[in-house]
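Report on one structure; see the data block that follows.
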Amino acid sequence: MTNSVLAKFPMLANRIGEVAEVAGYLWQKGWAERNGGNITVNISDIADDSLRNLPPLVAGIPIGRPLSNIGGQLFYCKGTNKRMRDLSRAPMQHGSIVRIATDGLSYDIIADYPVKPTSEMASHMSIHDYLLGKGSSYKAVLHTHPIDLVAMTHHREFLQKDVLSRLLWSMIPETRAFCPRGVGIVPYALPGSFALADATIRELSDYDVVLWEKHGVCAVGENIMEAFDMVDTLSKSAQIYLTAKGMGFVPEGMTDAQMEEMKVAFHLPK
Ligand code: 13P
Ligand code: ZN
């Protein structure tokens, strides 16, 4: 720990500590089998020159396409094939800090160890590039495998636009209040691909949480706790739906009038 960048930069230790806390929740929730899921967080705002200019442990790893908005930015990234339950104990052994080249074409791993970042870098870095490009202050991207929400993406009807947003909102008022933009749908695409990245970005103009058909969830937020909370809230709604179905009935759901009342009272965007 004493040689870790976390010992030298308390703000960084805080931010990565939050990632570790959320990684533990993902495991406890049963959303993170084996190495399932990944997290990246932009740490550029809390990096000083001594962190920014660390010599590379591994230099010039290609991203696969130019992402000019994230040129020069620093990210903490979960390592590929690393387990959330391990990352929660030792985030710098199961993830690393990367610095994007100024031309946005490649990255260096700069701390603490040469842990290769997640296989979903195409999506994560494309999303960060998109967020910075539109001037967003969001710093966190979370991808995870919640059983209930993934199961729902195996039903064709639920993949129609906003069918699941309305259904999940209507299960309990908090879901609309705390996930006010609803949930977008990304048709199945190969994990790790730029096709998945591009389809996700298209949905992120309307939503902060998107479902990857037959795979998982991808959420963005100001910080990792906020991204986790939205997925957790949506999963709670999915659980209520499934529990009611298990009891042998289709849950009634809040009425349109009750949903409209929520929207007005909480000044919600949709
Ligand atoms: P990584 O271990 O490479 O992060 O992959 C996990 C995953 O969920 C891929 O979609
Ligand atoms: Zn996945």
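The values are calculated or read from the model by the stated rules, or taken from the named source; none is laboratory data. The structure presented is a predicted model; accordingly, all values stated were derived computationally and were not measured. Note that each Cβ is placed from the backbone with ideal geometry, even for glycine, and that neighbours are counted across all protein chains shown.
Within region 131-152, identify whether any single residue is within 15 Å of ligand 2 (Cβ to nearest atom), over 30 Å from residue 246 (Cβ atoms) and either touching a residue at least 40 places away in the same chain (Cβ under 8 Å) or touching a helix residue (DSSP H, G or I) at 6+ places or on another chain (Cβ under 6 Å) (or both), and answer yes or no. The answer is yes; a qualifying residue exists. Scanning region 31-83 for residues that are closer than 28 Å to residue 238 by Cα and surrounded by 18 or more Cβ atoms within 10 Å (Cβ to Cβ) turns up 31, 32, 35, 37, 38, 39, 40, 41, 78, 82, 83. Listed by position, the strands (runs of 3 or more DSSP E) enclosed by region 94-164 that each have at least 1 residues that are over 30 Å from residue 176 (Cβ atoms) are 95-100, 106-111.
Of the residues screened, residue 188 is one that is surrounded by fewer than 18 Cβ atoms within 10 Å (Cβ to Cβ) and on the phi < 0 side of the Ramachandran plot. Taken over region 178-234, residues that are in contact with a Pro (Cβ under 8 Å, 6 or more places away or on another chain), away from ligand 2 (no atom under 16 Å from the Cβ) and either under 15 Å from residue 37 (Cα atoms) or basic (Lys, Arg) (or both) amount to 1.
Out of 185, 172, report the one residue that is modelled with pLDDT of 95 or more and either within 15 Å of ligand 1 (Cβ to nearest atom) or under 27 Å from residue 80 (Cα atoms) (or both). Spell out how you get there, then give the answer.
Values: 172 fails: either within 15 Å of ligand 1 (Cβ to nearest atom) or under 27 Å from residue 80 (Cα atoms) (or both).
Being modelled with pLDDT of 95 or more and either within 15 Å of ligand 1 (Cβ to nearest atom) or under 27 Å from residue 80 (Cα atoms) (or both) holds for just one of 185, 172, which is 185.
Residues in region 193-217 that are under 14 Å from the mean Cα position of the chain (by Cα), over 21 Å from residue 151 (Cβ atoms) and either of a type in the set (Ser, Thr, Tyr) or assigned to a loop (DSSP other than H, G, I, E, B) (or both): 208 only. The single condition from (1) of a type in the set (Ser, Thr, Tyr); (2) within 16 Å of ligand 2 (Cβ to nearest atom); (3) surrounded by fewer than 20 Cβ atoms within 10 Å (Cβ to Cβ) that residue 255 fails is (2).
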